[in-house]
Amino acid sequence: MNIHNGTLYWPITAVPFKPKHPFEKHDLYDVVIVGAGMSGALTALALVEAGLSVALLDKRDMGSGSTSANTGLLQYSNDIMLHELIEQIGEQDAVRFYKLCYEAVDHIENIVTRLNIDADFIRRPSICFASVEEDVEKIKKEYATLKKFEFPCDYLDPDELANKFPFSKPGALMTYGDAEINPLKFVHGLLQRIEEKGAHLYPYINVEDVVTDDETVHIRTSEQPFFAKNIIFTTGYETIPVGHRVGADINRSYVFVSNPITNFSDWYEQAMIWETKRPYLYIRTTVDNRMIVGGLDEDKPEAPYSQEIIQHRAENLLQQVQKLFPHYKIGIDYAYAATFGESVDNLPFIGEHPTKANHYYLLGYGGNGTVYSMLGSHILRDLLVGKRNEDAEIVQLKRKCGVR
């Protein structure tokens, strides 16, 4: 599957990661993880720190799939607002899920600090503005809901928004406790640390079949067989080797990264920006003063090969962002298209397969994928060491949307 195409930005910011060899392959691993992107790396860290033996497999260079196209926004708000999620799954589970997302940003910061990973992690507020006047009530309702459950946020009227940004909209929700990160540098740092802690890393190995026999998982690959007590699929938007997704939409989106901008002084704390319209425009900055701008989602699974299409979409995004920041001299230095997935119920797929024992999944579909990867790694760790995790019920695979 063609996960991304065009000129990526993150690879020029990160030193390529190469696993160390040789090491003696285990006859039986506690866990084999398939997919060495954000979800796989975070899960591997949680498991090796819990004392489990881990092999991490990827069919590409590790981190070169969706991680290289990840825009690195870490937010506790989701594509589905809290008041909408309450209507969908009930107050207790919805609020708990939002709290898991809020805590996940703290957990990512803790990992960056504790393991001394250079990942350009910076705390930022976020704003979600009403794209049209009719969306103001929705924004106000979400503000009231978040405040009720003690999530840090403010409501900004048009004048307050105009005082903090070079544009105004009918209204906006500002949330606090969010962050930005360089996802590729973060994953490379994670891979280095988990290797130091004893995990075995295998790039360029494609999983072809998986069979369970007498509680041992037999994994047939393009190179050599692996044997494990458990297997976890963290394959992102790729077709999963075992099982099939139910209630998942695989689409594509477009991104451009600008030239360095001289001055962001009129952009309040360089807050991450998105909107109520669907598909939404989103904007963030980088440590070298560029803007990352994304949107224009399309209902097609593969990134287009045509550079002309990618450039045309980037220019469309540029026109949109230039209306918000009319005095910025914005150019397109990098432009690409990337595959992304969403679940119909706006929740990730995390947990054990409903009928295949010892088969686990962490598929963080949605605009908050890195946050889902973080919270999912803790859920899977608990399940694999035999510890009860009540949060697992919210994202488990047996629900209407899941893995079969």
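Values quoted throughout were computed directly from the atomic coordinates according to the rules given, and no laboratory measurement underlies them. Bear in mind that the values here come from a model prediction, so they are computed numbers and not experimental data. Glycine also receives a Cβ, built like all others from the backbone with ideal geometry; neighbour counts cover every protein chain displayed.
Order of 395-403, 24-32 by packing, highest average Cβ count within 10 Å first?
Working: 395-403: 19.6, 24-32: 16.2.
Top to bottom by mean Cβ count within 10 Å: 395-403, 24-32.
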Assign unit charges at the C-beta atoms only (+1 for Lys and Arg, -1 for Asp and Glu), then state the dipole size of the chain relative to its Cα centre in Debye, rounded to the nearest 20.
360 debye
Taking K and R as +1 and D and E as -1, what net charge do the other residues with C-beta under 12 Å from the C-beta of D249 add up to?
-3
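Which net charge results when you count Lys and Arg as +1 and Asp and Glu as -1 among the other residues whose beta-carbon is under 15 Å from that of N2?
Net of charged neighbours comes to +1.
Highest mean first, what order results for 367-373, 221-227, 202-208 on Cβ atoms within 10 Å?
Values: 367-373: 26.6, 221-227: 14.4, 202-208: 16.7.
So the order, starting with the most tightly packed, is 367-373, 202-208, 221-227.
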Mind checking which lysines have their C-alpha under 17 Å from K147, skipping anything on the same chain fewer than 8 residues away?
K99, K138
Taking the chain as a Gaussian network, Cα atoms linked when under 10 Å apart, which of H218, H200, H312 shows the biggest mean-square fluctuation?
H312
Ranked Y155, Y361, Y336, criterion: other C-beta atoms within 10 Å, fewest first:
Y155, Y336, Y361
Quick check: net charge around L47, other residues with Cβ under 15 Å of its Cβ, Lys/Arg +1 and Asp/Glu -1?
-1
One can check that the equivalent ellipsoid of the chain, built from the alpha-carbon gyration tensor with semi-axes equal to the square roots of five times its eigenvalues, has lengths in Å, largest first, of 35, 24, 19
Cα extents of the stretch 324-371 along the three principal axes, largest first (Å):
57, 20, 17
For the stretch 1-108: relative contact order, % (alpha-carbon pairs under 8 angstrom, 6 or more apart):
24 percent
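Quick check: from the Cα gyration tensor, does the stretch 37-102 come out rounded (a/c under 1.5), prolate or oblate? Walk me through the numbers on the way to the answer.
Details: a/c = 3.29, a/b = 1.75, b/c = 1.88.
Note, shape of the stretch 37-102 comes out oblate.
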